[in-house]
1. Taking every pair of Cα atoms in the range 461-503, average 1/r, invert it to obtain the Kirkwood radius, and report Rg/Rh to two decimals.
2. Note the angle between two axes, namely the Cα long axis of helix 339-348 and the longest principal axis of the Cα atoms of the chain, as a number of degrees from 0 to 90, rounded to the nearest 10.
3. Sequence gap at least 6, Cα distance under 8 Å: using those rules, report the relative contact order of the range 563-667 to the nearest whole percent.
4. Within straight cross-link reach of Lys615, meaning Cα distance under 26 Å, which lysines are found once same-chain residues fewer than 8 apart are removed?
5. Got a number for carbon plus sulfur as a percent of the range 524-651's accessible area, 1.4 Å probe?
6. How high is the FRET efficiency from Phe35 to Ser444, r the C-beta distance, R0 51 Å, rounded to 0.05?
7. Given the Cα-Cα distance of Leu28 and Glu262 and 0.36 nm per residue of separation, how much length would full extension add, in nm?
8. Among the lysines, which have Cα under 22 Å from the Cα of Lys377 when same-chain residues fewer than 8 positions away are ignored?
Amino acid sequence: MRKTETKRHFGILDTTFAPVAAVLWNLLLAYCAYFIARVAFLIENFGLFEGSLNTSHLPELFRGGLVFDTSAILYTNALWVVMMLLPVSRKENPSYHRVCRWVFVVVNMLAFVVNLCDAVYFQYTMRRTTTTVFNEFGNESNLGSIFAKEALSHWYFFVLAAVVALAMWKFYATPRLNHRLLKWKPYALVTLASLLAFAPFCVAGMRGGWTTAVRPITISNALQYVDRPNDAALVLNTPFSLIRTIGKDVFEVPKYFDNPDELEAVFSPIHQPSAQTSPPSTTQKNVVILIVESFGREYIGALNETLENGRYKGYTPCVDSLIKQSITFSHSYCNGRKSIDGMPSILSSIPMFVEPFILTPASMNKVSGFASLLGEKGYETAFFHGAQRGSMGFQAFARSTGFQHYYGREDFNEDARFGGDNDFDGMWAIWDEPFLQYYCSKMSEMQQPFMTAVFTATSHHPYVVPEKYKDVFPEEGIEIHKCIRYTDMAIGRFFEKASRQPWFKNTIFVFTSDHTNLSDHDFYQTDLGGFCSPIVIYEPGNTLRQPQIIHKIAQQIDILPTILGMLHYDKPYFSFGIDLLNTPAEETWAVNYLNGIYQYVKNGHVLQFDGTKTKAVYSLEDSLMQHNLIGKVPQQAQMEREVKAIIQQYMERMTQDRLTAKETPEK
């Protein structure tokens, strides 16, 4: 019987290492199946990708695909690997391994078939299928006939699936071991050690990398391997897209307004150029945006002159000096509480509602922003982040919104003018001081006009400063304060160097933070206080605008329309924010989302709305948010109406891929 079994099935040599060898061989079969599925996907939809495929770019697409295939394969085969590597000798018999074989083939063929189905469906959605498809078609009764029709016209995929299934069954490796003859101790040692070793590799593969700087990859990370968002489908696989969106029904479209015209009248994110725009074309000024990690308003003395009864000095003498030469706002807020919320808010004017935009399926939508809008006007654009490429999904988002260049830790290390990895903080990124100097130097090599953004990293957990600055910036207050002082110094040195560059006076600088962080003042620990971020606009070459703190409400999503207004941008564009310098104070507002609550700031109050009804209304003068004025504020009804319009516009446009001024709702 055993001879017959050996002839019929592809096996692994009868050694203690047989289970381990079988696992490695069979996982290789899974990789082959995913590769075949990707090739089939490409061939089926070749006309949709033809314009972006070339011999130099195709390897990059498939390299990225390997990352996502690894994650999907490890997710779907984790149980099978455990079954194979359990250090139990009695499982080494034909019956047990027949079960293992069925588990492996069925699971991986399901993944293969799902990929083939998506090869057909892709032409209708232009994206890999996520779990939202179940909601999208949950009420349809004709899916059976649609599937049957597509199945008939794509009969060749059935043939391909049958061939792959037969090959996977035939070449599946079964360990040939007899538990009666096994030496238990060597067998147990090898299988247990292999199982323990597999665990960290499995976690790293599922996450998409080893380092702490790499977050678990999501579908948006595919964008870092492509030039067009559409091409991300070649990098992704459908099992991964489904797995990473399970339980994440992020965007549910409310029906506050049945009439689209009424909705548009209350709030629209499409901005039209003003009839009074002068000059008639875009002013060719450089735009430089500094997004400073965790640099909340609380730490800035110039923005807290009444704090601690006027005795508070803050931790930012360099930024204080900058503010005295700039325009800023009395009530300024971030639109999210994580670093990954900052980029969409600041660079594309998209706030965070429910979940970080970058982590949702909507991140695959067409998205505009500073880079794409100004790139169309002839600007050279670049994004800088001192961490390794791929960290936080920043490179993917930068690329998807039109940045032409991305400079990270690897690029810094290759520049002989700087210290390379000697300037790495050991955890996240290059220290702020050397990286901001690098940032300034690289801008001096760019063609004007240019638009750049930098995301700093040092003022972040674990809150350390370079060794040479430990005595310069000692521990004080709370642990982040020394980092704030260090980063403030780095910003001062950046502007000192920038001021000597020929492009300096032809530049608009924007200074803000991605979000807030640790606090030692009650005001900055409230629901609204936790969103207080600086928004500073510095224009050294303009003597007409008076430096001042303007008494208006401002938010990160206002940065894009405000700067485009300063540049006299003359085309329609998409933005959830407003032009602060051309909007009356009483019409300025801010919105953010916190644990199921939308906070809408306007008319001297903050309204807290849970998506169905208002939960609270507080006066901005009630800094600790202690007195709920619900039902007592005349503007409450209008504020509710406006925040509902903002939410509905957001949800509709996210689900319909309408995040640019060139609206193309899905059919």
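The values are calculated or read from the model by the stated rules, or taken from the named source; none is laboratory data. Here the structure is a predicted model, which means the values were calculated and not measured. Cβ: placed from backbone, ideal geometry, glycine included. Neighbour counts: every protein chain shown. Heavy atoms of the whole protein, side chains included, go into the accessibility calculation; ligands, DNA and RNA do not. Shrake-Rupley method; radii C 1.70, N 1.55, O 1.52, S 1.80 Å.
1. 1.11
2. Approximately 60 degrees, to the nearest 10.
3. Relative CO of the range 563-667 lands at 16 percent.
4. Counting by Cα, and skipping residues close in sequence, Lys615 has these lysines nearby: Lys248, Lys255, Lys338, Lys552, Lys602, Lys632, Lys644.
5. 47
6. Plugging the Cβ-Cβ distance into 1/(1 + (r/R0)^6) gives 0.70.
7. Length difference between fully extended and current span is 78.6 nm.
8. Within the straight-line cut-off, Lys377 pairs with Lys285, Lys366, Lys442, Lys505, Lys571, Lys662.
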